[in-house]
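Student: Below you'll find the structure I mean.
The values are calculated or read from the model by the stated rules, or taken from the named source; none is laboratory data. These figures come from a predicted structure and were not determined experimentally. Note that we place each Cβ from the backbone using ideal geometry, even for glycine, and neighbour counts take in every protein chain shown. With ligands, DNA and RNA removed, areas are computed over all heavy atoms of the protein, side chains included. Shrake-Rupley method; radii C 1.70, N 1.55, O 1.52, S 1.80 Å.
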Amino acid sequence: MKNLNSTIYSKAFRVLFTTAFMLITLPSFAQDDSVKVEDSGNKPVRSTFESTWIIDNQTTFVPQKGTLEFMINHRFGTIYNGVSDLYGMYGAGANIRLGLNYSLCDNIGFGKFKGSVAVGLGSTKTGMVQDINLKYGFLSQTRNGKIPISMAYYFDMGISTEDKTDELPNGNSSDRLSFFHQIIISRKFNDKFSAMVAPSLSHFNVIDPNMQNDHFAVAVAGRYKISPQTSILVNYDQPLTEHTDNNPQFNLSTGIEVATSAHQFQIFISNFPLIVPQYNNVFNQPNSQHKWYQDLYIGFNITRLWSF
């Protein structure tokens with residue numbers, strides 16, 4: 001990776017070390033039978049997260065083999081204009097992504113590193129981005145506490161299908177490709193609280209000369225259940241790479257999730273408008289005329305699961 005300086009690595013190390021330490025070593029306050037049961041062997045904990053999404057990021061949840069998942073991710077326009085456009089509901093800049101994922105197999109791997117693999121595709125309005133993705137949950141937290149965390153790898157490749165521009169002169173060729181890699185680490189502390197940390201690398205084949213092709217970031221997110229079906233969600237994304245110009249801003253989002261065995265609905269407010277993860281992490285530019293909290297977006301995620 002070119003032109004990465006020690007500041008990036010120092011910042012990344014502090015964030016990752018602190019969060020990972022909390023996930024692994026914090027006492028499991030009010031921990032109940034679903035998290036740690038002495039006679040449950042090495043069975044994985046249930047429902048660390050209810051959905052594959054937590055607002056703007058993926059979770060460690062991968063549906064079991066034979067599950068088809070349909071996703072709707074939507075962002076309205078910015079709330080800046082207030083009631084004049086109903087806080088973005090009638091405003092410009094709305095974005096939507098439709099996606100399908102299918103879990104191909106279970107127990108892929110060796111030893112303790114085994115899990116499910118899902119593949120998927122999606123289409124996003126802004127940028128006319130078509131993406132394919134892969135998710136592999138390769139480590140599961142166990143109820144007896146012998147494995148204290150769950151881990152998953154998420155990959156996404158996107159291609160912009162907009163008309164040719166000076167920046168993207170070669171049609172739908174490699175100039176338009178982007179890639180996203182993320183390691184997700186989560187822990188369920190008890191029946192109410194789960195948390196995760198997820199370092200990521202985004203890559204664009206062609207980008208503004210003042211920006212680097214590779215961009216590091218880290219996400220931290222948590223879920224707190226307030227009823228059997230309802231949870232409060234919080235998500236934070238911190239850019240780590242420092243570019244010569246056009247540095248993206250952080251993202252802070254919070255919302256509510258309502259979940260059943262086959263449906264998950266999340267409604268939230270966020271300042272990530274672009275949905276596809278590498279676009280959000282690299283191109284979340286601050287508005288020089290507004291404060292960051294004035295350019296938030298109301299959004300929702302809906303997922304539906306079918307088993308075959």
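Student: Looking at segment 250-291 only, could you name the residues that are within 14 Å of the chain's Cα centre (by Cα), aromatic (Phe, Trp, Tyr) and more than 22 Å from residue 232 (Cβ to Cβ)?
Tutor: 279
Student: Quick one: how many residues across segment 288-307 are in contact with a Leu (Cβ under 9 Å, 6 or more places away or on another chain), open to solvent by less than 40 Å² (accessible area, probe 1.4 Å) and closer than 19 Å to residue 85 by Cα?
Tutor: 1
Student: Could you tell me which residue of segment 67-87 is surrounded by the most Cβ atoms within 10 Å (Cβ to Cβ), considering only residues that are touching a strand residue (DSSP E or B) at 6+ places or on another chain (Cβ under 6 Å) and of a type in the set (D, E, K, R)?
Tutor: 75
Student: Is there any pair with a first residue in segment 111-131 that is farther than 28 Å from residue 272 by Cα and a second that is β-branched (Val, Ile, Thr) and in a strand (DSSP E or B) whose Cβ atoms are under 8 Å apart and which are 6 or more apart or on different chains, and what are they?
Tutor: Filtered contacts from segment 111-131: 114/108; 115/108; 116/108.
Residues are listed down the side, and each one gets a yes or a no for (1) open to solvent by 60 Å² or more (accessible area, probe 1.4 Å); (2) under 18 Å from residue 211 (Cα atoms):
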site	(1), (2)
242	yes, yes
247	yes, yes
253	no, no
257	no, no
260	yes, no
263	yes, no
267	yes, no
275	no, no
280	no, yes
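One line per residue, one yes/no per condition, for (1) basic (Lys, Arg); (2) modelled with pLDDT under 95:
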| site | (1), (2) |
| --- | --- |
| 1 | no, yes |
| 18 | no, yes |
| 36 | yes, yes |
| 58 | no, no |
